[in-house]
Amino acid sequence: MVLVGLFVLLGASVGVAQEVRPWEVYLGELSTQDDVESTEWEDTYEMLCDLEQHPIDINSATREELLRLPFLNDHQVEDIQAYIHFYGGMKSAGELAMVPSVDYTTRCLLSHFIVCGEQKRSNILRWKDVLKYGHGDLVADANIPFYERRGDKEGYLGYPYRHTVRCSYSYSDRLRVGVLGAQDAGEPFFANKNGAGYDYYSLYAEARRLGCVQTLVAGRYRASFGMGLVIGNSFSMGKMSVLTSLGSRAGGLRAHTARSPGRYLQGAGATVQLARGLELSAWGSWRKVDATLRHGADSTYGISSVVTDGYHRTATEMGRKNNASEGVAGGHLSWRKNGFHAGVTTSFTSYDKPLLPDTSVTYRRYYPMGRRFWNVGADYGYTGPHFILHGETATGDGGVWATINTVAFTPSPQLSLMALHRFYGKRYNALHASGFSEGGAVRNESGLYAGVSWQAMPHLRVMAYTDYAYFAAAKYQASVSSDAWDNLVQVQYNTDRLTLTARYRLKMRGYDNSEKTALLTKTTHHARLMATVTRGAWRFGATTDMALAHHEENSRGWLAGCHVGYSTRWLRLTGSMVWFDADDSDSKVYAYEQGLLYAYSYLSFQGKGVRWSLSARADLGKRVMLLAHLATTDYLDRDHISTGYQQIDSSSKTDLALQLKWRF
């Protein structure tokens, strides 16, 4: 009945709206609230935005390049590449319908990130071809707030505007060079420690398929190998994504093109094919990092914590900027044949000052200490007609072990079953690791995950998982051993004109009570209903999001929203509105909102209020794109928003975001 009521509101809406990027909505359906609030999800989102603007040539793409897409698994990638090998390439995305393991939804999503029909080029990269057939992109955006924060009056070193400039030049999917400059609101521009202008720069270069050199990166880049237990600072998502990819994980080296300031390497790396099925990757990095410094018990001066949020708005935050140095070197040797694969990864990390975490804080008791660290891991697996196996086992300083292993069974293209087990020792420390976890770190966790994905009918898919995790040592907000149990079921019906999604999640996890004298279970119920209808140039949508939580007290939250969209050949407009009422952070509710290119669009709400937004996109010929996004949040239960330097002495906040894209 709620959805019916929202559709009535949609019919009465006067607002105009814009075409929604289907893959972005799909990501929202894959994500849980834990994913939406993680920096890894934001990195994945920016990576997919970048791939949409610079699609992959499917006829020459490697396995690792295709597995960067979170909705593909090993079976699908192997079937796609087998089809291309047998038929000499794809002339259009429609040929994906000839690959049995690639279902309707996956075909629709994949079409946003690939190009077909291009002839395979020589491994020789000719500069005349690069200059003749390459193209450049310049993207500039700015966010203008129509309010004043407390820090804007006193405390922040810069002005209140957020802005970014991206410039890149690419040739097919084989060569790309670029630079990105980014500035957060409140940070100084051409002042203080930012004498070079922007607070954050990323310069990068990436080349692929240069003879025996499969990948070459320079500048700022990311690396991920195996299951991420040794090094995994590339992109990943959460528990639903693991189910769709059946445990497959993208590996390799890739340029760092995102705005995220924390998770990257700086230097150079390369992957070389030594023989058929045998590859060697090596990388080196040296960079300055933000850090909080402290004196240890023996008067040693070192790093209390490495800071990765990238904010330099106040004198304190600016004082942490680039005051420590980090060096990283490593390699990965991999072998692949007849469905089997195996590899060995090594990584060495050093700092110019020792890591000195405050281990008197209970949950930091086993944090890494010292200046030099090493890790080594072995990854292994098999991809067969109906089975997929993946795993990695790693160790490091002190001989502590970590292991993760997955098995997936696909008796038919319509049904997939998978299980995942992990054990991460409480003293296992890999500073650049990123693996599957409930606790957010590859440390102090053991658990078992099981999931099922069933294409019940051509347009109806059911997905479900259950995941149990145990933490042997203290965690943040849990002073003793604790556990967590997470369960989710989702049903989705998807056609060209109609998408319906229903989801329910039940999560239980132990947290300290307010006196920190006992551990209590926090139980959270979360339900979501979504519907979108497409009629020609129009698109209508409705969402409800509901949460009920209990720790020491009950809290509840709900959200109801709608959007309506209209697009022509050169103009797209969008409008949306949500009503929300959530008691506290335990019962926060979430909604998707169409924004600018590269803009993080899943929002969380607590309190009581209304949010509305209007967006416009104009394509002025083939080279120029203009975008604007205006959004207002009105709270009905307060006279100020946020706290500290971020406090706004009003119950309402309005932002205008502008963006220009020029292709040259």
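The values are calculated or read from the model by the stated rules, or taken from the named source; none is laboratory data. In this text, all values refer to a predicted model and were calculated from it rather than measured experimentally. Positions of Cβ are generated from backbone atoms using ideal geometry, with glycine treated the same way; all protein chains shown enter the neighbour counts. Just so you know, the surface numbers come from the protein's heavy atoms only, side chains and all, with ligands and any DNA or RNA stripped out. Shrake-Rupley method; radii C 1.70, N 1.55, O 1.52, S 1.80 Å.
General remarks:
Every residue, every condition in (1) among the basic types (Lys, Arg); (2) modelled with pLDDT of 90 or more, yes or no:
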position: PHE146; (1), (2): no, yes
position: LEU180; (1), (2): no, yes
position: PHE189; (1), (2): no, yes
position: LYS193; (1), (2): yes, no
position: VAL217; (1), (2): no, yes
position: ARG220; (1), (2): yes, yes
position: ILE231; (1), (2): no, yes
position: GLY238; (1), (2): no, no
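- Qualifying residue in the stretch 589-603 (condition: in contact (Cβ under 8 Å) with a residue 40 or more places away in the chain and charged (D, E, K, R)): no
- Of all residues in the stretch 65-88, those satisfying the criterion of being in contact with a Leu (Cβ under 9 Å, 6 or more places away or on another chain) and either in contact (Cβ under 8 Å) with a residue 40 or more places away in the chain or among the polar types (S, T, N, Q) (or both) are ARG68, LEU69, PRO70, PHE71, LEU72, ASN73, ASP74, HIS75, GLN76, VAL77, GLN81.
- For the stretch 453-474, the set of residues classified as touching a residue at least 60 places away in the same chain (Cβ under 8 Å) and either open to solvent by 50 Å² or more (accessible area, probe 1.4 Å) or in contact with a strand residue (DSSP E or B) (Cβ under 6 Å, 6 or more places away or on another chain) (or both) consists of SER453, GLN455, PRO458, HIS459, ARG461, MET463, TYR465, ASP467, listed by residue number.
- Test: residue in the stretch 623-642 that is open to solvent by 60 Å² or more (accessible area, probe 1.4 Å), among the polar types (S, T, N, Q) and assigned to a loop (DSSP other than H, G, I, E, B): no
- Residue within the stretch 415-437 that is open to solvent by 10 Å² or more (accessible area, probe 1.4 Å) and without any contact (Cβ under 8 Å) to a residue 12 or more places away in the chain present: no
- Top-ranked residue of the stretch 475-487 - restricted to ones that are open to solvent by 10 Å² or more (accessible area, probe 1.4 Å) and assigned to a strand (DSSP E or B), ranked as modelled with the lowest pLDDT: LYS475
- Any hit, the stretch 428-436, residues being at pLDDT 95 or above and part of a loop (DSSP other than H, G, I, E, B): yes
- Considering the stretch 162-230, the qualifying strands (runs of 3 or more DSSP E), each wholly inside and each with 1 or more residues that are β-branched (Val, Ile, Thr) and open to solvent by less than 30 Å² (accessible area, probe 1.4 Å), run over 162-171, 213-224.
- Summed over the stretch 197-214, the residues that are within 30 Å of GLN183 (Cα to Cα) and either touching a residue at least 40 places away in the same chain (Cβ under 8 Å) or among the charged types (D, E, K, R) (or both) give a count of 7.
- Test: residue in the stretch 365-382 that is hydrophobic (A, V, I, L, M, F, W, C) and more than 22 Å from ASN233 (Cα to Cα): no
- Residues satisfying the stated conditions in the stretch 504-533, i.e. of a type in the set (D, E, K, R) and touching a His at 6+ places or on another chain (Cβ under 8 Å): ARG505, LYS507, LYS522
The rows are residues; the columns are (1) out of contact with any helix residue (DSSP H, G or I) (no Cβ under 7 Å at 6 or more places or on another chain); (2) open to solvent by 80 Å² or more (accessible area, probe 1.4 Å); (3) closer than 13 Å to ILE58 by Cα.
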{"position": "TYR83", "(1), (2), (3)": "no, no, yes"}
{"position": "LYS91", "(1), (2), (3)": "yes, yes, yes"}
{"position": "LEU96", "(1), (2), (3)": "no, no, yes"}
{"position": "TYR104", "(1), (2), (3)": "yes, no, no"}
{"position": "HIS112", "(1), (2), (3)": "no, no, yes"}
{"position": "VAL115", "(1), (2), (3)": "yes, no, yes"}
{"position": "VAL130", "(1), (2), (3)": "yes, no, no"}
{"position": "GLY134", "(1), (2), (3)": "yes, no, no"}
{"position": "VAL139", "(1), (2), (3)": "yes, no, no"}
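- PHE7 meets each of the listed conditions (1) modelled with pLDDT under 65; (2) under 25 Å from the mean Cα position of the chain (by Cα); (3) open to solvent by 40 Å² or more (accessible area, probe 1.4 Å) apart from (2).
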